Amino acid sequence: MKSRTLRVLAGISAIGFVLLLGIIYAFLSAYVYLAPSLPSSTGMRTLPLQVPLRVYTRSGALISQIGEQRRVPVGYDDIPELVRDAFLAAEDDRFFQHGGIDYFSALRSIYVDLTTGDYSQGASTITMQTARNMFLTRDKNITRKLQEIFLTLRMEHSFSKQQILETYLNVIFFGQRAYGVAAAAEVYFGKSLNQLSVAQAAMLAGLPQAPSKYNPVTSPQRAAERRHYVLQRMLALRFIDADTARRAMNEPIDAHEYAPLYDVEAPYMAEIARQIVVARFGEAAVNAGYRAFTTIDGRLQTAANRALRLGLIEYDRRHGYRGVIRRVRLESSGDPREFEALLADIAPVGNLAPAVVASVAPAAARVYVRGSGFAQIAWDGVAWARGGAATGKVDSFLRRGDVIYVVSDDAGHAQLAQVPAVQGGLVALDPKDGAVVALVGGFDYFSNAWNHVTQARRQPGSGFKPFLYSCALEHDFTPASIIMDAPVVLADGSVEQVWRPENDSRTFSGPTRLREALVHSRNLVSIRLLRAVGTDSVLEYASRFGFDRATMPNNLTLALGTLPATPLQVATGYATFANGGYKVDPYFIERIENGQGEVVWRAAPRVVCDTCADDGWPPGAPGAPGAPGAAGSGAMGQTTAGPDALAAALPPGVSPLDPTGPPEPPNSNHLTMAPPLALQLPPISAASRRAPRIISAANVWLMDDIMGDVIKRGTGVRARALGRDDISGKTGTTNESRDSWFNGFNQSIEATVWVGFDEEQSLGEGEEGSSVALPVWVRLMRTALAGTPDVPRPIPPGLLVGRVNAQTGLLTQSGDPAAITEYFLSGHLPATGASASSPADNGSEPLF
């Protein structure tokens, strides 16, 4: 009997051994068969993740992440221990003890799959989930499961546990397009990993098992149940204590779908960067971890966002309140969940948030602001709106259940707001190389992605006049030239009907010096000036600044800026006045790096070199040394003699303007001079080419001086609020106030502001460049120029200073009570009063 038993046991053992050998053989055969389809250790190390394109400011602050998957790669040491513990508790608490596979659970899973045929069982460890998510399909069959086992073993052999856990937490899917725990923290809580609470970490750890089922935004109850389970596991594993677990279990669900985190808000620039990256490296680059470093200055961009939004809101408020978004019936007295549900389909717009009025009294209204909680609107927060302002009572204007937009702060205060119907654009350039340091393409990118800086072609209006006046200075006109400001009727062959242009003020000044005409933006003087200079000459001259000659009208309406131009084109033109006469090209990206951090493209802008020997003049260019009309060429009455001979040849009372000393400005007694502001520029090299000079430094100095008067006492006088003497600019308003502009600069920055409607219509009576666009510019410049010295432009060679009669524009003696100081290009002097019989007879400037 005993012998029989032994034989049976031996037989069973033999059968078991054979079966074991069979299993091992089948396992090895399966490995040999499937191994070619598995990635190698090297392949696993080099497999790139889908990482979104990231866009940065020039200093490295994040602007945007753009890609199909929201992912923020993080290293193991950057993942807080709390977050790691939460995932271990939820998914694989023996992760650091096992070899990648729980064999008992795996065999059980295979047995159930084979006997039932539904392949629904799983015993996945963190390593197995990592293998599946990175390298395998989502199929549920025995082949894919075997691949998963083999790949898991290979990963355990090739990588440390820390590397595997790091990879897992970067690749796992969390729903809402979020891949990786860092992206999930941003998506659901608007936080970085080190800001998560215990409850939030537990909620994220519960998501990978079923992201749709446990989504805290769409299924908060099921998400809370899953969180409760994870917290219990963390407590059982002693990752947290009982008090911490209890508090976390009682913590309200506060998840929302948040936009990706960023350091600087510049979505219009982010889209420009995306287009540039795709154009150079293809669509795949958007998901390949490329990094684009823009020219944006984060401090100026933040100021620009605020300046434009406030300006558009202020304009919109002047034209009244258009009413609430809608009215809803409130069932409860103050349940935030009800309010959030009511506001869920209304998106924030810019800095405006949707809110619902929870209660209202004569003195104030209590509102619930989406995503922020309760706030109070006092009387001063609605006083601007028509209706409320008439009664003095908040409850006569707002009612419980009104859905509105508000601007709120962290202290619980809010103001009634509305999305502006008007649009705008703001762009600021570094005039030394054309770098775009701030760009705001509209009130809110996500409600209107049309970039009004680069895409909106609008008439610059009077903002074009400086280019006309600069051209006139090269055609024997001077700032003292007299032109008649009087009604005119024109029948230009290229204009379909008789044209009766007017000044914006509907008034006329009679004989007017050119300086005063530009300072006060006199349309009729500008038209007569264009007719005298010639449209062909002005078209050629303006094209030097970057305006497209093919789109400029070849008629006298050009004097009023009727050409189509984007704010970026206009800003580029004004950059020449800011930088001393050089043509720079605007650019947006400093460099682009690939997913490995290698620089694959770098900008090579043309850079101003105002200290170079040849001063940047292209050979033979108009105004270049030795060319007709150039300083020192002897053209237009100019002498090539030395300083002493030149001074002897000048009329009495006229002398060269001393570059070493301060000039006496027109209608002023003094001008404080300071050393030029030192600018940080890249070295002039093959990578950063020299910008060509397109107008003389003397011409620029005169135009800068005249446009300085625009701010001191002309249409730009509101800019005096900055308290500076080194800023210049020009307002612009088109026919019927359809477009409002301000273009202003000093030697370190140029900024252009445009405001108007997308569907062209009047901005309203009295809404001009000085009242709509200029306040936006002032807000930006208050930040841009803060802490910088007031630096007047250095005086270049080729300028003369003399006394002229304010009424005639003719040279006069110091005893003349109407004498004022004026500046001139060398060789472009008016006649003296003694040799002229009328204001028209002043040398070369006709009186029309």
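Using a 1.4 angstrom probe, figure out how much accessible area region 212-271 has per residue, in square angstrom, rounded to the nearest whole.
On a per-residue basis, region 212-271 sits at 58 Å².
Which of the GluC sites (Glu not before Pro) found in region 734-836 are loop residues per DSSP with 11 or fewer other Cβ atoms within 10 Å of their Cβ?
Sparse-neighbourhood loop GluC sites (Glu not before Pro): Glu759, Glu765.
State the dimensionless ratio Rg/Rh of region 307-423 (Rg: radius of gyration of Cα atoms; Rh: Kirkwood radius).
The Rg/Rh ratio comes out at 0.94.
Sorted by packing (mean other beta-carbon atoms within 10 Å per residue), highest first, where do 180-188, 372-380, 690-698 land?
So the order, starting with the most tightly packed, is 180-188, 690-698, 372-380.
Report in % the part of the accessible area of region 215-317 that belongs to carbon and sulfur, leaving out ligands and nucleic acids; probe 1.4 Å.
Here it works out to 49 percent.
I need the fraction of alpha carbon pairs in region 157-214 separated by more than 15 Å, rounded to a whole percent.
Cα-Cα pairs in region 157-214 separated by more than 15 Å: 48 percent.
Can you work out the accessible area per residue across region 364-468, with the rest of the protein chains kept in place, probe 1.4 Å, in square angstrom?
35 Å²
Going by the alpha-carbon gyration tensor, a ≥ b ≥ c the square roots of its eigenvalues, is region 231-280 rounded (a/c under 1.5) or, if a/c is not under 1.5, prolate (a/b greater than b/c) versus oblate?
prolate
Loop-only GluC sites (Glu not before Pro) in region 271-346, please: DSSP not H, G, I, E or B, and at most 15 other Cβ atoms within 10 Å.
Hits after loop and neighbour filter: Glu331.
Hey, which of these cross-link pairs are over 32 Å Cα-Cα: Lys161/Lys213; Lys191/Lys432; Lys191/Lys393; Lys393/Lys730?
Over 32 Å Cα-Cα: Lys191/Lys432; Lys191/Lys393; Lys393/Lys730.
How about Lys583: which aspartates and glutamates have a C-alpha closer than 17 Å to its C-alpha, ignoring those fewer than 8 places off in the same chain?
Output for Lys583: Asp430, Asp433, Glu540, Asp548, Asp610, Asp614, Asp615, Asp704, Glu750.
May I ask you to derive the relative contact order of region 701-750, considering only C-alpha pairs under 8 Å and at least 6 residues apart, and to give it as an integer percent?
28 percent
The values are calculated or read from the model by the stated rules, or taken from the named source; none is laboratory data. All of these numbers come straight from a predicted model, not from anything done at the bench. Quick reminder, even Gly has a Cβ in these numbers, built from the backbone with ideal geometry, and neighbours come from all protein chains shown. Just so you know, the surface numbers come from the protein's heavy atoms only, side chains and all, with ligands and any DNA or RNA stripped out. Shrake-Rupley method; radii C 1.70, N 1.55, O 1.52, S 1.80 Å.
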